[in-house]
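We did not get these values from a lab; they are worked out from the coordinates using the rules stated. Because the structure is predicted, anything quoted here is derived from the model rather than measured. Note: ideal-geometry Cβ built from the backbone for every residue, glycine included; neighbour counts use all protein chains shown.
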Amino acid sequence: MPRRVDHDRRRGEIIDALCRIAVRGGLSAASFREVAAEADVSVRLIQYYFGNKAELLHAANRHVAERAAARIRRRLAALGPEAPPRQIVDSLVRTFLPTDRRSREAMVLFFVFYTAQLTDPTVARATAREVPQALANLIAGQIRRAQASGDSPADLDPDREAALVSASIPSLASSVIVKYLAPREADSILDYTLNRLFPGEQ
């Protein structure tokens with residue numbers, strides 16, 4: 001009896017192979033031939049599942065975004081809904097700092113696809129705003145919680161402050177990756193920001 005093929009698993013293995021290559025050498029290194037060799041499959045199989053490189057890149061880009069969203073959900077579940085606002089924001093923001101191999105690779109992949117979208121519209125996703133917008137919404141919600149309890153200044157605009165924080169995360173992460181900032185310096189900047197947003201929780 002022929003063995004049943006788990007198509008979702010096989011697609012995932014191909015996407016993971018592309019991501020490993022992209023971390024090492026960027027998307028330009030991720031040809032079908034290189035991805036096939038990395039995944040130990042044929043080029044024809046990749047074409048069967050994805051059709052062309054643009055579709056493979058779209059699938060990988062979605063995969064990277066879904067992994068980021070999953071990290072956020074796990075952090076929120078671990079903290080619980082009653083955790084103090086500052087603790088929630090602090091924990092969420094620090095999931096994106098490259099403090100170990102896994103978090104570094106996650107941020108490198110983010111930048112690989114982000115920079116590719118600047119010059120190649122075929123890589124761009126219509127839903128690219130979803131993860132950063134969800135993060136900003138979560139941060140804004142925690143600032144409002146803190147304002148209601150008197151732990152955050154009432155004159156802060158939660159949406160604008162959240163937008164500033166979420167927009168600063170990639171800059172801090174990339175600065176650590178390329179060693180413009182030491183990890184402790186990035187931590188200090190985050191502490192400064194959170195002390196300003198949540199002075200009542202210091």
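Could you tally the net charge around Arg24, taking each other residue with its Cβ under 12 Å from the Cβ of Arg24, Lys/Arg +1 and Asp/Glu -1? Could you put the intermediate results ahead of the total?
Details: positive: Arg20; negative: Glu34, Glu38, Glu105.
Residues close to Arg24 contribute a combined charge of -2.
Hey, what did the range 1-51 get for relative contact order, percent, Cα under 8 Å, at least 6 apart? List each step's numbers first, then the result.
Details: 27 pairs, mean separation 15.6, N = 51.
Rounded, it is 31 percent for the range 1-51.
Can you tell which of Val178, Val165, Val131 shows the greatest fluctuation in a Gaussian network model of the chain with Cα springs below 10 Å?
Of the options given, Val178 has the highest mean-square fluctuation.
Select one label from (1) 45, 38, 36; (2) 50, 38, 31; (3) 65, 41, 29: the one whose number is Cα extents along the principal axes in Å as derived from the coordinates shown.
(3)
Using Cβ counts within 10 Å as a stand-in for footprinting exposure, how do Ser152, Ser188 rank, fewest first? All intermediate terms of the calculation are to be shown ahead of the outcome.
Values: Ser152 24, Ser188 12.
Ascending number of Cβ neighbours within 10 Å: Ser188, Ser152.
Contact order normalised by length for the range 122-180, with contacts defined as Cα pairs under 8 Å and 6 or more residues apart; what percent is it? List each step's numbers first, then the result.
Details: 23 pairs, mean separation 19.6, N = 59.
After rounding, I find 33 percent.
So how tilted is helix 7-25 from the main axis of the chain? Cα-based, degrees 0 to 90, rounded to 10.
70
Take every Cα pair under 8 Å in the chain that's 6+ residues apart, average their separations, divide by the length, and report that relative contact order as a whole percent. Walk me through the numbers on the way to the answer.
Values: 163 pairs, mean separation 39.8, N = 202.
For the chain, the relative contact order is 20 percent.
Of Ile189, Ile46, Ile72, which has the largest mean-square fluctuation in a 10 Å C-alpha GNM of the chain?
Of the options given, Ile189 has the highest mean-square fluctuation.
State which stretch of the chain is the longest one without any exposed trypsin sites (Lys or Arg not before Pro), exposure meaning a DSSP loop state and at most 16 other Cβ atoms within 10 Å. Mind showing how you got there, number by number?
Working: sites that count: Arg3, Arg4, Arg125, Arg129, Lys179.
Segment 5-124 is the longest.
Which of Pro98, Pro84, Pro158 moves the most in a Gaussian network model of the chain with Cα springs under 10 Å?
Pro84
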